[in-house]
Amino acid sequence: MAADLASITVLVPGKLHPRSVRRIGETFRMVQLETTDPAKVTAALRESVRGVAVSPALGFSAVGPAFLDALPNLEIVANFGVGYDGVDAVHAGKSGIAVSNTPDVLTEEVADTTIGLLLNTVRELSRAEQYLRAGRWASEGAYPLTAASLRGRKVGIFGMGRIGQAIARRLVAFGLPIAYHNRRPVEGLGYDYYPTLEGLATAVDTLISVAPGGAATEKAVDARILAALGANGVFVNIGRGSTVDEQAVIGALANKTILAAGLDVFVDEPRVPQALIDLPNATLLPHVGSASMATRDAMADLVVDNLISWFRDGHALTPVAETAHVKPR
Ligand code: 8YV
């Protein structure tokens, strides 16, 4: 018997990609709420909500235990984004609630952006363009030679998942040696594995963090790691701001403990510390890793396709590991 999707209530708390909102509205009974504050959950929502679609970004309060507990008939939380640190997936898993994310569809885009950010950081492309636009090429002559080059660098990748591997593939084509740190070595991968982040940082001069957020990686890149990277060190973060001690990065850039940093993610987005903005050796992007129209459309579709697959076919398309055991009620 075909599931009557139009009778299933899906709650959208906060802002979500318009394509997801449109498709959820066309497919399900959609209810929108401004926050994930459990106090805003009415008795009617408590009774009816079976799905949630959420994009916990831009200062949006997270999907925490109290919100999940406020929805006793909730079966699935479809998260917009491969990173799902904004959703308490462990609590969801224990409560019999599935969580899905949006892997694969953004992998190559984020890897492309990472290479752009790395090149920009090392060869100062943004600053060189600003120099031209300010008329300084004509008035002062050629832009100064850059202290750094990509040539001869050894790259360490922190977080060798799908995106980390896509970055590594690109850098191999650039002729650079790759090493990595992960909780475990990735089977079948030929790059040098370091069981500690400090060991990796000591062995390389270019560290790219693609690590997911969450308690296990909180402030993993700290003053010690940056010191291990050394004076020729370049640090790039495309993963999550929470994986870095941001004050330590500011200090390391200001004191020249490392040469430069390229950051797409920050601790308290969209707020970026003025001290970071003031540093000429920091290249800063406003979390644009996956932010092309095509890739965001694909992510928006995967959010909705996970909901449809759950309620129609009895499984999520891309469930997260913590809730892989959860089955429909
Ligand atoms: C998005 C991301 O910026 O997928 C992720 O984990 O960080 C990005 O692709 C974010 O999820 C959208 O708000």
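Distant-in-sequence amide contacts of residue 266, defined by a placed amide H-H separation under 5 Å and a gap of 5 or more residues or a different chain, comprise 241. Rolling a 1.4 Å probe across the protein heavy atoms gives region 171-329 an accessible surface of 46 Å² per residue.
Residue ranking by accessible heavy-atom surface, 1.4 Å probe, largest first, among 171, 189 comes out as 189, 171. Between residue 32 and 12, the built amide H atoms are under 5 Å apart, and every one of these is 5 or more places off in sequence or on another chain. Note on residue 22 and residue 184: the extension gain reaches 54.3 nm, defined as 0.36 nm multiplied by sequence separation minus the Cα-Cα distance. Annotation for residue 131 and residue 90: the two label points, set 7 Å from Cα along the Cα-Cβ direction, are 4.9 nm apart. What pairs from 15/327; 219/327; 15/40; 15/219; 40/327 go past 26 Å between their alpha carbons? Listed pairs above 26 Å: 15/327; 219/327; 15/219; 40/327. Computed from the C-beta positions of residue 147 and residue 269, the FRET efficiency with R₀ = 45 Å rounds to 0.95. Over the chain, dividing the summed -39,500 (n - 2.57) contributions of all DSSP H runs of at least 4 residues by the number of residues returns a 222 nm mean residue ellipticity of -10000 deg cm²/dmol.
For residue 132, the accessible surface of its heavy atoms amounts to roughly 100 Å² (probe 1.4 Å, protein chains only, rounded to the nearest 10). On the beta carbon distance between residue 256 and residue 315, with R0 = 51 Å, the FRET formula returns roughly 0.45. For region 186-329, the Cα-based Rg and Dmax, in that order, read 18.6, 57 Å.
Within the assembled protein chains, the solvent-accessible surface assigned to residue 30 is about 60 Å², based on a 1.4 Å probe.
Shown for the chain: the carbon plus sulfur share of the solvent-accessible area, taken with all protein chains present and a 1.4 angstrom probe, equals 55%.
The values are calculated or read from the model by the stated rules, or taken from the named source; none is laboratory data. Note that the structure is a prediction, hence the values are computed from the model and not measured. Positions of Cβ are generated from backbone atoms using ideal geometry, with glycine treated the same way; all protein chains shown enter the neighbour counts. All accessible areas refer to the heavy atoms of the entire protein, side chains included, with ligands and DNA or RNA removed. Shrake-Rupley method; radii C 1.70, N 1.55, O 1.52, S 1.80 Å.
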